[in-house]
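The values are calculated or read from the model by the stated rules, or taken from the named source; none is laboratory data. Bear in mind the structure is a predicted one, so any value in this text is a computation, not a measurement. Using ideal geometry, Cβ is built from the backbone for each residue, glycine included, and neighbour counts are taken over all protein chains shown.
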Amino acid sequence: MHPILPLAITMHATKGVFALLIGSGISRAAEIPTGWEIVLDLVRKTARLQGEQSDPFPAEWYEAKFGERPDYSTLLGKLAMTAPERSRLLRGYFEPTDEERERGVKQPTAAHRAIAELVKRGYVRVIVTTNFDRLLEYALEEAGVAPTVIATADAVEGAEPLAHLECAIIKVHGDYLDARIRNTADELAAFPDSLNRLLDRVFDEYGLIVCGWSAEWDGALRAALERCESRRYTTYWTVRNPKPPGDLAQRLISFRRAVVLPTSGADDFFQQLAEHVTSLENLARPHPLSAAIARETLKRYVAEDRHRVRLYDLVTTEATRVRDAVANESVLTYHVEPNRDEVTRRLRRYEAMTEVLLPLMATGCFWGTGEQRWIWQEALERVASVPNGSGYKIWLSLRRYPALLTLYAGGVAAVGRGCYDTLKTLLLDARVGEPSNPDLNPALLVVSTARVGEHGEVDRVLGRHLSGHILADTGLREVLREYLPQEERFQAAFDRFEYLLGLVHADILTQRKRNVWGPIGQFVDTAWVDAPRIAGEILTEATASGVDWPPLRAGLFEGDVVRFEAARIAYNAHIDRHRY
C-alpha cells in the first residue's frame with residue numbers, strides 16, 4: 001500500500017488534525033527560487049559588478065575570490081546591511097514581471113491550489129512555512145478562504161487561538177514585504193519567545209505533513225521540532241525521488257519517527273492527497289435515493305395535489321444535491337490539461353451525479369400538470385447555477401453538463417407526450433445567469449450542447465457530437481424507455497426536441513438583432529439537404545395548422561407564424577453552413 005493512502009484515510013477521519021510544514025520546494029513549479037538559487041544569482045551579480053565572469057561555476061568563483069564558500073545568510077547580510085534593504089533586494093525574486101505573469105510564472109501552483117482545497121474542506125487549518133512569498137495566500141483567496149497570516153512577533157501576540165481560526169499561516173521567516181524578515185544566520189538561529197510558544201503548541205497538538213523543506217538553513221525551526229517529544233499524531237515527511245533527505249532532515253525524521261513519503265514533487269503529492277481525501281468524502285456521503293424509487297415516488301406525488309409540498313421537496317432537494325456536487329468539485333480539476341480520456345471521465349462523473357434527477361425530470365415533465373411546471377423550471381435553474389471559477393474554459397463550461405442532461409430529460413419527455421407548454425417552460429421561462437453576466441437569460445441560451453461543449457471543443461476532443469453522446473452513451477434512453485418504449489418514438493422525440501430548441505434559439509437571437517444561430521443536434525449528418533425528415537415534418541405540421549399548431553399555442557415564437565418561419569429559414573441556413 002502506498003503510504004499516501006493511510007495518510008489520506010487518517011486525514012479524512014480526523015478533520016483539522018494535521019498541520020503542514022512547507023518550505024521552498026512547494027513553489028518550485030512557480031519558478032520561485034530557492035535560497036541556494038538566490039545565492040548563485042547574487043554571486044553572479046557580484047562578479048559582474050567587479051567586471052568578472054563567475055559562470056559556469058559561480059560558487060567556486062566566489063570561494064576563490066573571497067576565501068569562503070557562499071552562504072545564503074552571509075552573502076545576503078553582506079550585500080544588504082539592514083532588514084529593509086534585504087526586503088527590497090528580495091522583491092524581484094518573488095514578484096512576477098508582466099512577461100512572467102503572462103507565462104503563469106510566480107503564480108499559485110497545483111500544489112498551492114490543492115492545499116487551498118484541503119483548507120476549504122476543513123482538513124487543514126494550520127500551515128507553518130519558511131517561505132516569504134504569498135502564493136499560498138493567493139490560492140486560498142481564489143478558493144474563497146481568508147487566512148490569518150502570522151508573520152511577526154506582534155501578530156503572534158494578537159492572534160486568536162488556533163482552534164478558532166479557519167486557517168492560520170505561520171510564516172516563521174516573515175513576509176517578503178515586511179522589513180522584519182529573517183534571512184541571516186543570526187536571525188535564523190533563534191525565534192522570539194512568543195513564536196516559539198506557538199510552534200511548541202502546533203508541533204505538540206497536531207500531526208505534521210512536511211513537504212519541500214530541507215531543514216538545512218533553519219536552526220530555530222529544527223530546535224522547535226526537537227523540543228517536542230510527544231507523538232500524539234504521525235509525522236509524514238515527503239522526500240523527492242531520487243534524492244535522499246540530508247543529514248539534518250534525516251535526524252529529524254528519526255526523532256519524529258516520521259513516515260517517509262517518496263514523491264515526484266509537491267504538485268503531484270498534494271494533488272494526489274486532495275483527490276484521495278475528496279474521493280473518501282464522496283464515498284462517505286449517504287447513498288442517494290435510488291432512481292427507481294425516486295421515479296415511483298414522484299408518480300404518486302404528481303397524481304394528487306395533496307402531495308404538492310412533498311413533490312416540491314423531492315425534486316428540489318435532488319436538484320440542490322446535484323448543484324452542490326458540482327460546486328464542491330475540487331477547484332484544481334479546472335487546471336488539468338484537456339484530453340479525450342479526461343473529457344470522457346468528467347462526462348461519466350457528471351452523468352453519475354444526475355442518476356436520480358433525470359428520472360424525476362422525465363417523469364414530471366411527462367405526467368405533470370400545468371400547476372406543477374414551475375417545479376421543473378426551478379430544478380433546471382438550480383442545477384444550472386454554477387459558481388465562478390478559473391481554469392480551462394472547457395472544464396468551466398462542462399460544469400453545466402448536469403443541467404444540459406436535466407434539460408434533455410425533461411424536454412424529450414415533454415415532446416414525447418406533446419406537452420409543449422412544459423417545453424416552453426424549460427426553454428424560455430427557466431432563467432439562468434452566468435458568472436460573467438448578472439443578467440438572467442432563457443435557459444436554452446446558456447444550457448445547450450454548443451455552450452456546454454465550449455462551441456465544439458468537446459466535440460473535437462471526443463471525435464463526435466455531444467448530443468450524439470447524450471443519445472447513445474448516457475442513461476437517457478433507459479430513463480425514457482417506460483414512456484417511449486419504441487425506438488422510433490424515442491428517436492423522433494429526441495430529434496424533434498433538438499430541432500425545436502435550435503429554432504427557438506434562432507428566434508430569440510433574431511428578435512435581439514444578433515448574429516442568428518442555433519445549436520446543431522445529432523439529427524444533422526451528411527444526408528442533410530434542404531428538407532430533412534424532422535425539418536420537413538415540422539414544416540408540414542406548422543403549415544397545416546397555422547396558429548393552432550401546438551408549439552405556437554404553447555407560446556413558442558410568441559405564437560407568431562411569421563416569427564416561426566423567419567427562425568426556420570435562418571436556422572436551416574445556419575445548419576447548411578455548419579453541418580457536420
Query raised in the report: Looking at Gly411, Gly416, Gly391, which is the one that is assigned by TED's automatic domain parsing to the domain that holds Asp305 and buried (at least 24 other Cβ atoms within 10 Å of the Cβ)?
Result: Gly411
Query raised in the report: Which of the residues spanning segment 408-433 are under 23 Å from the mean Cα position of the chain (by Cα) and aliphatic (A, V, I, L, M)?
Result: Val432
Report task. Would you confirm whether any residue within segment 125-142 is more than 17 Å from Gly25 (Cα to Cα), modelled with pLDDT of 90 or more and of a type in the set (Ser, Thr, Tyr)? Result -> yes
Report summary line: Heads up, the helices (runs of 4 or more DSSP H) in segment 208-299 (entirely inside) with at least 1 residues that are surrounded by fewer than 19 Cβ atoms within 10 Å (Cβ to Cβ) and under 31 Å from the mean Cα position of the chain (by Cα) are 266-284
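Every residue, every condition in (1) surrounded by 17 or more Cβ atoms within 10 Å (Cβ to Cβ); (2) assigned to a helix (DSSP H, G or I); (3) out of contact with any His (no Cβ under 8 Å at 6 or more places or on another chain), yes or no:
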residue: Glu454; (1), (2), (3): yes, no, yes
residue: Arg460; (1), (2), (3): no, yes, yes
residue: Arg464; (1), (2), (3): no, no, yes
residue: Gly468; (1), (2), (3): yes, yes, yes
residue: Leu471; (1), (2), (3): yes, yes, yes
residue: Glu478; (1), (2), (3): no, yes, yes
residue: Tyr483; (1), (2), (3): yes, no, yes
residue: Phe494; (1), (2), (3): yes, yes, yes
residue: Tyr499; (1), (2), (3): yes, yes, yes
Requested in this report: Assess whether Ala146 counts as being assigned by TED's automatic domain parsing to the domain that holds Ile9, within 30 Å of Arg88 (Cβ to Cβ), surrounded by fewer than 24 Cβ atoms within 10 Å (Cβ to Cβ) and without any contact (Cβ under 8 Å) to a residue 60 or more places away in the chain.
Outcome: yes
Requested in this report: For segment 107-135, name all the residues that are buried (at least 24 other Cβ atoms within 10 Å of the Cβ) and among the basic types (Lys, Arg).
Outcome: Arg113
Requested in this report: Considering every residue within segment 77-94, establish whether at least one is within 20 Å of Ile22 (Cα to Cα), hydroxyl-bearing (Ser, Thr, Tyr) and surrounded by 20 or more Cβ atoms within 10 Å (Cβ to Cβ).
Outcome: no
Requested in this report: Test Pro442 against the stated conditions and say whether it is under 21 Å from the mean Cα position of the chain (by Cα) and not aromatic (Phe, Trp, Tyr).
Outcome: no
Requested in this report: State the number of residues belonging to segment 308-346 that are more than 30 Å from Ala266 (Cβ to Cβ) and either among the β-branched types (Val, Ile, Thr) or surrounded by 17 or more Cβ atoms within 10 Å (Cβ to Cβ) (or both).
Outcome: 12
Query raised in the report: If you take the residues of segment 415-452 that are assigned to a loop (DSSP other than H, G, I, E, B) and modelled with pLDDT under 85, which of them is nearest to Ile375 (Cα to Cα)?
Result: Pro435
Query raised in the report: Has segment 518-529 got at least one residue that is at pLDDT below 90, crowded, with 21+ Cβ neighbours inside 10 Å and under 30 Å from Lys299 (Cβ atoms)?
Result: yes
Query raised in the report: Which condition number does Ile569 fail, the rest of (1) of a type in the set (A, V, I, L, M); (2) over 20 Å from Lys424 (Cα atoms); (3) surrounded by fewer than 20 Cβ atoms within 10 Å (Cβ to Cβ); (4) under 34 Å from the mean Cα position of the chain (by Cα) being met?
Result: (4)
Report task. Scan segment 196-207 for residues that are surrounded by fewer than 22 Cβ atoms within 10 Å (Cβ to Cβ) and either out of contact with any Cys (no Cβ under 7 Å at 6 or more places or on another chain) or in a loop (DSSP other than H, G, I, E, B) (or both) and jot them down. Result -> Asn196, Arg197, Arg201, Val202, Glu205, Gly207
Requested in this report: Please enumerate the residues belonging to segment 323-367 that are aliphatic (A, V, I, L, M), touching a helix residue (DSSP H, G or I) at 6+ places or on another chain (Cβ under 8 Å) and in a helix (DSSP H, G or I).
Outcome: Ala325, Val326, Val331, Leu332, Val343, Leu347, Met353, Leu357, Leu358, Leu360, Met361, Ala362
Query - Residues being buried (at least 19 other Cβ atoms within 10 Å of the Cβ) and in a helix (DSSP H, G or I) - total across segment 539-562 - result: 5
Query raised in the report: Somewhere in segment 531-554, is a residue outside the structural domain of Glu355 (by TED's automatic domain parsing) and on the phi > 0 side of the Ramachandran plot?
Result: yes
